[in-house]
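A.B. asks: The structure follows.
Readers should treat all values here as calculations from the given coordinates under stated rules, not as data from a laboratory. Just so we're clear, the structure is a prediction, and the values are computed from it rather than from any experiment. So basically every Cβ, Gly included, is an ideal-geometry build from the backbone, and we count neighbours across all protein chains shown.
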Amino acid sequence: MGLTQQTLRTLGGLPIAYWNLVDSAVVMVEHITAELGNPKHKREYKLTIIKHATIEMAPSIVTGVLIIIIVFMPLLTLEGLEGKLFAPVALSIVSLYLAL
């Protein structure tokens, strides 16, 4: 297997990781938007509402990211043909999440 195929497999893992990051950002923005529109927060400052909404959603998003890291970590231990196929994808996904 040449470097080109391994590079393509590594790059193939990045859209998976980016998709999940974008999905997490969309969930966070939707929650903040819902809290800003909530009538019970009418008298609060917008930045305070955003802060509380972010604190409320952060544990769920962090837990989701940790689960994805835990799921892909065992793929890094594969050997042989399976290791050559799946390790670059898992490495790119895990390293992207750990870099954040």
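A.B. asks: Report P(r) for the chain: all Cα-Cα distances, bin width 5 Å, range 0 to the bin holding the largest distance, values in whole percent.
C.D. replies: 2, 12, 18, 17, 13, 10, 8, 7, 5, 4, 2, 1, 0
A.B. asks: In the range 1-91, which chymotrypsin sites (Phe, Trp or Tyr not before Pro) fall in coil by DSSP and have 11 or fewer other Cβ atoms within 10 Å?
C.D. replies: Listed in order of number, the matching sites are Tyr45.
A.B. asks: Helix 80-99 against the longest principal axis of the chain: what's the angle in degrees, Cα atoms only, rounded to the nearest 10?
C.D. replies: For 80-99 against the chain, the angle is about 30 degrees.
A.B. asks: Among Ser92, Ser60, which comes first, then next, by fewest other beta-carbon atoms within 10 Å?
C.D. replies: By the 10 Å Cβ count, ascending, the order reads Ser60, Ser92.
A.B. asks: Right, here's the next one. Based on the Cβ-Cβ distance from Leu21 to His52, what FRET efficiency comes out when R0 is 25 Å, to the nearest 0.05?
C.D. replies: On the way: r = 23 Å, r/R0 = 0.91.
Here the calculated transfer efficiency is 0.65.
A.B. asks: Here's a follow-up. Assuming R0 = 41 Å, can you tell me the calculated FRET efficiency for the pair Val71 and Arg43, based on Cβ-Cβ distance, to the nearest 0.05?
C.D. replies: Plugging the Cβ-Cβ distance into 1/(1 + (r/R0)^6) gives 0.40.
A.B. asks: For every helix of n ≥ 4 consecutive DSSP H residues, a contribution of -39,500 (n - 2.57) applies; sum these over the chain, divide by its total residues, and give [θ] at 222 nm rounded to the nearest 500 deg cm²/dmol.
C.D. replies: Counting only the DSSP helices, I get -29500 deg cm²/dmol.
A.B. asks: Let me ask you something else. Any chance you could run the full-extension gain for Thr63 through Leu11? It's 0.36 nm times the residue separation minus the Cα-Cα distance, nm to one decimal.
C.D. replies: Between Thr63 and Leu11, full extension yields 16.2 nm more.
A.B. asks: Relative contact order of the chain, please, whole-number percent, based on alpha carbon pairs below 8 angstrom and at least 6 residues apart.
C.D. replies: Relative contact order comes out at 43 percent.
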